[in-house]
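Some notes on the structure that comes next.
The values are calculated or read from the model by the stated rules, or taken from the named source; none is laboratory data. Computed from a predicted model, the values in this text were never measured in an experiment. Glycine gets a Cβ as well: all are built from the backbone with ideal geometry, and neighbour counts include every protein chain shown. All accessible areas refer to the heavy atoms of the entire protein, side chains included, with ligands and DNA or RNA removed. Shrake-Rupley method; radii C 1.70, N 1.55, O 1.52, S 1.80 Å.
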Amino acid sequence: MMTLKEAIEQRHSVRSYTDRKIEGETLAGLTKLIEEINKEADLHIQLVTEEPKAFSGALAKYGRFTGVRNYIALVGKKSEDLYEKCGYYGERIVLFAQQLGLNTCWVALTFRKVPGVFEVGKNEKLVMVIAVGYGENQGYAHKSKPLGDLYTAITAEPQWFMDGVRAASLAPTAMNQQKFRFEYDDGKVSVKALRGPYSSTDLGIVKYHFEIGSGRKI
């Protein structure tokens with residue numbers, strides 16, 4: 001299995017999928033990780049398989065999605081940090097899916113909710129979904145801002161910090177906006193979301209990428 005750093009390099013958003021089913025050890029591994037994350041983070045993330053209706057309408061066509069039959073519903077209790085938490089743990093699932101040979105795409109709006117397919121309990125909210133399956137291709141690398149536009153260094157930045165920022169620069173963000181900024185000061189790292197749609201979710205995603213690239217928690 002590829003490493004998480006390799007998964008970061010190789011993973012790109014994929015919108016077109018084959019009809020190959022997610023099954024066997026791949027399905028078991030994905031299901032197990034979601035169960036572990038739900039316990040660890042007190043979330044209600046659910047894997048939906050062989051359900052094509054959510055991506056069969058005009059919204060999916062607008063989003064250029066084809067063949068999506070599987071997706072992960074990011075659901076959790078309403079809270080101030082729900083979007084960031086779903087970004088962090090959702091990307092953990094995304095990169096594991098890449099390690100399993102699957103492809104993915106974060107989806108905020110261009111799908112429709114199908115009644116009875118997944119649960120959103122009282123005081124819970126669906127943040128977004130992640131399309132998952134076997135892609136018709138491996139996707140394409142997105143354009144990234146220069147690393148210097150993604151961080152500020154108060155003191156001289158070490159290599160581990162730069163490795164983390166580079167990993168964060170490869171993270172998927174809404175409309176590829178990269179609305180985040182890291183700061184380094186004498187061994188301390190912080191990161192904040194800038195103004196932009198779903199930038200709170202993006203913040204969770206880039207935090208996870210930074211931790212993998214740098215080998216350090218923020």
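Return the total of residues in the stretch 67-86 being under 21 Å from VAL117 (Cα atoms) and either aromatic (Phe, Trp, Tyr) or touching an Asp or Glu at 6+ places or on another chain (Cβ under 8 Å) (or both).
Residues in the stretch 67-86 being under 21 Å from VAL117 (Cα atoms) and either aromatic (Phe, Trp, Tyr) or touching an Asp or Glu at 6+ places or on another chain (Cβ under 8 Å) (or both): 8 in total.
Go through ARG112, ARG92 for me and flag whichever is among the charged types (D, E, K, R) and within 17 Å of SER13 (Cβ to Cβ).
Matching residue, one of ARG112, ARG92: ARG92.
For the stretch 7-35, which residues satisfy the criterion of being in contact with a helix residue (DSSP H, G or I) (Cβ under 8 Å, 6 or more places away or on another chain) and open to solvent by less than 80 Å² (accessible area, probe 1.4 Å)?
Residues satisfying the conditions are ALA7, ILE8, ARG11, ILE22, GLY29, LEU30, LEU33, ILE34.
I need the strands (runs of 3 or more DSSP E) fully contained in the stretch 36-108, keeping only those with at least 1 residues that are buried (at least 20 other Cβ atoms within 10 Å of the Cβ).
Passing ranges, in order: 71-77, 103-107.
Being in contact with a strand residue (DSSP E or B) (Cβ under 7 Å, 6 or more places away or on another chain) and closer than 19 Å to GLU36 by Cβ is the requirement here; does GLY90 meet it?
yes
Given the conditions (1) out of contact with any helix residue (DSSP H, G or I) (no Cβ under 6 Å at 6 or more places or on another chain); (2) within 26 Å of LYS125 (Cα to Cα), report the number of the one that GLU157 does not fulfil.
Evaluating GLU157 over (1) out of contact with any helix residue (DSSP H, G or I) (no Cβ under 6 Å at 6 or more places or on another chain); (2) within 26 Å of LYS125 (Cα to Cα) leaves (2) as the failure.
Within the stretch 154-207, track down each residue that is open to solvent by 30 Å² or more (accessible area, probe 1.4 Å) and of a type in the set (Phe, Trp, Tyr).
Scanning the stretch 154-207 gives TRP160, TYR198.
Is one or more of the residues making up the stretch 116-137 free of Cβ contacts under 8 Å to residues at least 40 places away in the same chain and either surrounded by 12 or more Cβ atoms within 10 Å (Cβ to Cβ) or within 16 Å of HIS12 (Cα to Cα) (or both)?
Scanning the stretch 116-137, I find no residue that is free of Cβ contacts under 8 Å to residues at least 40 places away in the same chain and either surrounded by 12 or more Cβ atoms within 10 Å (Cβ to Cβ) or within 16 Å of HIS12 (Cα to Cα) (or both), so the answer is no.
Test of understanding: among ALA28, ALA108, which residue is at pLDDT below 95 and of a type in the set (Gly, Ala, Ser)?
On the way: ALA28 fails: at pLDDT below 95.
It is ALA108.
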